[in-house]
1. Of the options Pro72, Ser166, Met51, report the single residue whose Cα projects farthest towards the positive end of the charge dipole of region 3-189 (beta-carbon charges: Lys, Arg +1; Asp, Glu -1).
2. Return the long-range amide H neighbours of Ala73 (sequence gap of 5 or more, or a different chain), with a cut-off of under 5 Å between placed amide H atoms.
3. Roughly how many nanometres apart are two label points built 7 Å out from the Cα toward the Cβ at Thr9 and Val45?
4. With a cut-off of 20 Å, note down the residues of region 160-180 whose backbone N falls inside the zone around a label point 7 Å from the Cα of Glu129 toward its beta carbon.
5. In debye, nearest 20, what is the charge dipole magnitude of the chain about its Cα centre with +1 on Lys and Arg Cβ and -1 on Asp and Glu Cβ, if you could check?
6. Please report the net charge: other residues with Cβ closer than 15 Å to the Cβ of Asp149, K and R +1, D and E -1.
7. Enter the Cα centre distance for the pair region 127-192 and region 68-108, rounded to the nearest angstrom.
8. Sorted from fewest to most neighbouring beta carbons within 10 Å, what does the list Asp103, Asp11 look like?
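Taken together, the values in this text are just the output of simple stated rules run on the coordinates, not laboratory data. Because the structure is predicted, anything quoted here is derived from the model rather than measured. Cβ coordinates were reconstructed from backbone atoms using ideal geometry, including for glycine residues, and neighbour counts include every protein chain displayed.
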Amino acid sequence: MSIEILPATDDRFDDAELALDSGDGPECQCQWWLLPNGPWQEASVADRTEMFRAELAGDRPPGLIAYVNGEPAGWVRVGPRTAQARLARTRAVTGSTAEPLDDDSVWAVTCFVVRKQHRGSGLMRDLLEAAVTAARNGGARVVEGYPRDPAAAKIPVNDLYRGTVSVFEDAGFTVVARPKPDRALVSLTLRD
């Protein structure tokens with residue numbers, strides 16, 4: 001099995017769409033963390049798709065696409081936490097993070113999609129490793145994640161889009177807080 005993970009750029013829009021073609025990905029278009037609740041509810045799927053297309057055409061790729069044997073197989077969103085507006089309005093984040101909410105050097109890994117046929121293959125781990133590298137290369141000082149913990153509660157597969165605590169811990173992240181038993185805020189310091 002050949003795995004390649006590449007930045008989600010404008011020329012890879014169709015691949016990103018295919019990578020998102022699992023769970024809530026097609027409806028969400030990975031815009032959940034970017035929009036406050038009102039604008040989220042007002043935006044149609046077509047609106048979200050255009051927002052996503054515009055992100056891929058921007059200066060900084062909003063995430064990475066995993067290819068397995070040349071086919072899009074997964075997605076991860078990674079970028080400055082300040083660019084993901086909903087995070088600053090989420091109590092589990094604001095009440096748990098030790099980092100200033102307006103600090104652009106804090107990046108967040110907020111969304112994973114692994115297509116059904118590739119689940120259980122370790123692709124989420126590969127995507128997280130690549131996301132940390134992208135954050136480091138992008139100048140991040142700290143990377144946060146907000147994973148769920150299936151060891152603490154039964155969690156539907158679609159709700160694992162935030163990742164799992166064990167995958168983040170295996171990548172060197174530390175649990176900073178547990179806002180709920182099955183939810184964690186994790187952090188990895190890349191530089192002081």
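1. Checked the options; the winner is Ser166.
2. HN-HN under 5 Å from Ala73: Ala66, Tyr67, Val68.
3. If labels sit at Thr9 and Val45, their model points lie 2.9 nm apart.
4. Taking a point 7 Å out along Cα→Cβ of Glu129, the residues of region 160-180 whose backbone N falls under 20 Å are 163-174.
5. Its charge dipole is roughly 720 debye.
6. Net local charge, Asp149 excluded: +2.
7. Between the Cα centres of region 127-192 and region 68-108 lies a distance of 10 Å.
8. Going from sparsest to densest Cβ surroundings: Asp11, Asp103.
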